[in-house]
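As C-alpha cells, the structure follows; a few thoughts come after it.
The values are calculated or read from the model by the stated rules, or taken from the named source; none is laboratory data. All values derive from a computational prediction rather than experimental measurement. Neighbour counts are summed over all protein chains in view; Cβ atoms, including those assigned to glycine, are modelled from backbone coordinates with ideal geometry.
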Amino acid sequence: MARNLDAKCRQCRREGEKLFLKGEKCFTDKCSIERRSYAPGQHGQKSGQRLSGYGQQLREKQKIRRIYGVLERQFRKTFAEAERKKGMTGENLLQLLESRLDAVAYRMGFGVSRAEARQVVRHNGVLVNGKRVNIPSFNVRPGDQIQLAEGSKGHLRTKAALEAAEGRGFPEWIEMDVKSAKGTFKALPAREDLSSTLNEGLVVELYSR
C-alpha cells in the first residue's frame, strides 16, 4: 500500500508550522519546530523568499495533504467529490477529510497521531456500527458509532492515547465514552470548529487554474 515515508518532523519544518504528526511529542519542547523553524535541507535557512500566488496555493495543498496523511491521487479524488456536493467546495473538502475513518479514530483518541490511528484501523482494531472496518479512507456518516475492538482496548499505547485525548478534550462533532472506548460521529464539523490556520480557499483556487 502506497504511503508517505518522509520524516514527520521534516514535513512540519517544510510547511513552517506544527502539523501534529508525531502525537505527544508535538506538545513538548522536543518538537523540531521549536528548535529549528526553518525549512529542512542545505538551503533551508535561506528559503524565506516571498512565494508567488501559485506557490502559496501549492504549499497550502501540500500542508493539508500532510496533516490528513493522504496521497496526491487520494486528495484529487476527495476534491472532485467535494466539488460535486452542494455548498462551499473548500468546506466540503475539509469535512470529507475529517469524516475519513482514520481521522475520526484519531479525534476519538484511538491513536496519538493520525498515522497511529490509521494503523489501528488497518489492523482490524476499529468497529463501525458493530462491524469491523479496516479501510482508513472509509467515509463515516453522522450518527455512526465507532468503537475499539475488544482486542485493541488493552493495548498500552491505545490506553495512553485515549487518556491524552480525554485530557485535551474532544471536538464538538464527536461524542465519546472513554471508559468503553466507544463514540458517535454526531455531525460533519462546521468550518469554525476546524483549524483557522487552514486556507482551503487557496486549494480551490489551485484546482480551478
Requested in this report: State which residue pairs qualify: first residue touching a residue at least 40 places away in the same chain (Cβ under 8 Å) and inside the range 170-185, second residue of a type in the set (Ser, Thr, Tyr) in any location, beta carbons under 9 Å apart, and separation of 6 or more residues or different chains.
Outcome: ILE174/THR184; MET176/THR184; ALA181/SER152; ALA181/THR158; PHE185/SER99
Requested in this report: Run down THR158, THR197 and say which single residue is among the β-branched types (Val, Ile, Thr), farther than 22 Å from ARG76 by Cβ, loosely packed, with under 14 Cβ neighbours inside 10 Å and outside the structural domain of GLU60 (by TED's automatic domain parsing).
Outcome: THR197
**Report entry** the range 158-200 - residue that is over 18 Å from the mean Cα position of the chain (by Cα) and assigned to a helix (DSSP H, G or I) and, of those, nearest to GLN57 (Cα to Cα)
**Finding:** GLY167
Query raised in the report: within 16 Å of the chain's Cα centre (by Cα) and surrounded by fewer than 18 Cβ atoms within 10 Å (Cβ to Cβ): does that describe ASN139?
Result: yes
Requested in this report: Please verify whether the range 89-107 includes one or more residues that are modelled with pLDDT under 95 and surrounded by fewer than 21 Cβ atoms within 10 Å (Cβ to Cβ).
Outcome: no
Query raised in the report: Of everything in the range 161-194 that's among the basic types (Lys, Arg) and under 16 Å from ARG141 (Cα atoms), which residue is surrounded by the most Cβ atoms within 10 Å (Cβ to Cβ)?
Result: LYS182
Query raised in the report: What single numbered condition from (1) in contact with a Pro (Cβ under 9 Å, 6 or more places away or on another chain); (2) buried (at least 19 other Cβ atoms within 10 Å of the Cβ); (3) closer than 14 Å to PHE110 by Cβ fails to hold for ARG122?
Result: (2)
